[in-house]
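The values are calculated or read from the model by the stated rules, or taken from the named source; none is laboratory data. Source: prediction; values computed, not measured. So basically every Cβ, Gly included, is an ideal-geometry build from the backbone, and we count neighbours across all protein chains shown. Side chains included, ligands, DNA and RNA excluded: accessible areas come from the protein's heavy atoms. Shrake-Rupley method; radii C 1.70, N 1.55, O 1.52, S 1.80 Å.
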Amino acid sequence: MPFITSDRRGFIAKEGLAGLIEIQPGDRCYVFYKAMVEKWKANPRWATAHEIYKNTATEWEESEDSAVAIRLAWEVFFQLYVIPYELKKREENGDI
């Protein structure tokens, strides 16, 4: 996960964002992205992608910075997880 260093990820895992002296944009992105990936890995299917995306629009927005971080995290998540899944399903089920 290239948004932030592994040391910073470890700190956030233990202390959360509130424990940081200064929250950087990548910190928020990491938190949102991690939640998306965990949900996806528990149940990788299109319905899960739908629920994750729906949550980006309704659940997590706290500030303008959070809104931007959520959308950026979604874009990376979608490219790295959902598109490969969709391509695999196209191979299995045929294209439109």
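Helix 64-77 axis versus longest C-alpha principal axis of the chain: approximately 40°, rounded to the nearest ten. Axis of helix 83-93 versus longest Cα principal axis of the chain: the two differ by about 20°, to the nearest ten degrees.
Could you look at the chain and say what percent of its accessible area is carbon and sulfur, using a 1.4 Å probe and all protein chains?
Working: 3460 of 6630 Å².
Roughly 52 percent of what the probe reaches on the chain is carbon or sulfur.
With R₀ fixed at 25 Å, the C-beta to C-beta distance from residue 95 to residue 71 puts the FRET efficiency at about 0.30. Short to long, the 5 Å bins of the Cα pair-distance histogram for the chain hold 2, 12, 23, 21, 18, 11, 6, 3, 2, 1, 0 percent of all pairs.
Per 0.36 nm of contour for each residue apart, how much would the distance between residue 46 and residue 7 grow if the chain were fully extended, relative to their Cα-Cα spacing?
Values: separation 39, 0.36 × 39 = 14.04 nm, distance 3.28 nm.
Once the chain is fully extended between residue 46 and residue 7, it gains 10.8 nm.
Counting only alpha carbon atoms, the long axis of helix 25-42 and the longest principal axis of the chain meet at about 40°.
May I ask you to derive the relative contact order of the chain, considering only C-alpha pairs under 8 Å and at least 6 residues apart, and to give it as an integer percent?
Result for the chain is 28 percent.
One chain, two ends: residue 15 and residue 62. Fully extended at 0.36 nm per residue, the span grows by 15.0 nm beyond their Cα-Cα distance.
Per residue, the solvent-accessible area of the chain (1.4 Å probe, heavy atoms of protein chains only, all protein chains present) comes to 69 Å².
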